[in-house]
Each structure stands twice: as C-alpha cells, then as structure tokens.
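Readers should treat all values here as calculations from the given coordinates under stated rules, not as data from a laboratory. Fair warning: this is a prediction, and the values are worked out from it, not measured in the lab. No Cβ is skipped: glycine too gets one built from the backbone with ideal geometry, and neighbour counts run over all protein chains shown.
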Amino acid sequence: MKTILLLVLLAFFATACGERPGKEGGSPYEPRLAQGSPAIDFLHKDMDGAQFRLSEEKGRVVILYFWRMKCSECREELKSLDWLRRKYRERGLIVAAIGADSMHSAPLFKVREFLDKEGLRFVNIRDEDGFVAEAYRVMRAPEAYIIGKDGRIALVVKGPSDWTGPETSAFLDKLLSE
C-alpha cells in the first residue's frame with residue numbers, strides 16, 4: 001500500500017513540476033519572443049482614440065517601445081525615438097510608444113502634457129490593462145521590439161539604448177532596405 005501511495009505521489013509531482021506549455025508551446029515562465037519570432041498582433045486604441053492594429057503595419061518597420069512616465073530614461077529615449085521617426089518616416093518606419101502606466105500612477109492629462117510639451121508625435125498607446133505588455137512579456141521599462149517588414153522580431157532591446165547612435169542607424173538602414 002505504501003508503494004502504491006508513493007508511486008501516485010511521484011506521478012503527481014512529476015507532472016506538476018514538468019514544463020507546462022503556454023499558448024505557443026514552451027514554458028509560460030520564459031520569454032517566448034526572441035529575434036526571428038513572429039510579432040504578436042494586437043488591436044488597441046491610441047491616446048487620440050484611433051485604432052492601431054500591429055498587423056496592419058506589415059511591410060513597414062515598427063519599433064514597439066514600452067515605457068513608463070516615472071522612468072526618466074524612458075522620457076529621454078522618447079525624444080530620441082521621435083528623432084528616428086522623423087528621420088525614417090519617408091522610408092516606412094513607425095514608432096509606437098506603449099505607455100504601461102495606470103491612471104493612478106500617471107493620469108492621462110499628465111502623459112499628454114509631457115508628450116505635447118516635448119512635441120512627440122508618434123503613435124501613443126495607453127496600455128492601462130497591461131494586455132500588450134503582458135503579450136510581449138515586458139517586465140520593466142524601457143524595453144523595445146523592432147519588428148521587420150515581414151512581421152518578425154528583428155531585435156529586442158532591454159533597458160536604455162542609444163537610439164541616435166550610428167549602430168542604430170546602420171541597423172535601421174539595413175532593415176528598411178530589405
């Protein structure tokens with residue numbers, strides 16, 4: 001009887017501790033979005049109420065930039081990203097800034113005030129429900145996903161980055177030429 005109980009317990013723990021597949025397979029606890037992975041499509045309103053669907057931007061290069069209002073590095077990088085948007089917009093670059101703040105941590109009027117003061121004109125998505133950040137497994141800001149014209153992730157950037165540097169320009173030039 002003890003042997004049967006032991007076998008039942010071992011079988012239970014063996015399945016409970018195994019790798020549980022997520023939606024696309026693999027463990028739900030490890031990042032599944034890496035270079036070469038298909039970007040996860042989403043439909044979300046921007047801050048002006050217009051719909052933004054990522055899949056509708058296929059054929060263009062898209063930078064999804066996750067940020068928070070309280071992140072000073074994020075606020076500085078947004079200025080650099082707007083510079084990139086202006087530099088490459090004729091070649092098809094889209095910058096979509098995804099604000100991960102709640103209404104309590106950064107009220108909409110404060111975010112608008114900052115964006116207007118700095119003259120930032122890219123797509124601004126308010127992700128209060130955390131849907132987009134969760135889909136992309138964003139744990140902290142800043143974090144960015146550069147998506148190629150084919151709808152696949154070309155580069156994942158975790159943490160602050162030099163968006164105006166020559167390496168970034170060379171990378172985007174190559175990606176926009178494909």
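Miscellaneous remarks
- Proximal charge balance of N124 [Cβ under 12 Å; K/R count +1, D/E count -1]: -2
- Here K79 is the anchor, and the lysines within straight C-alpha reach of less than 29 Å, apart from those fewer than 8 places off in the same chain, are K45, K58, K70, K87, K110, K117, K149, K158, K174.
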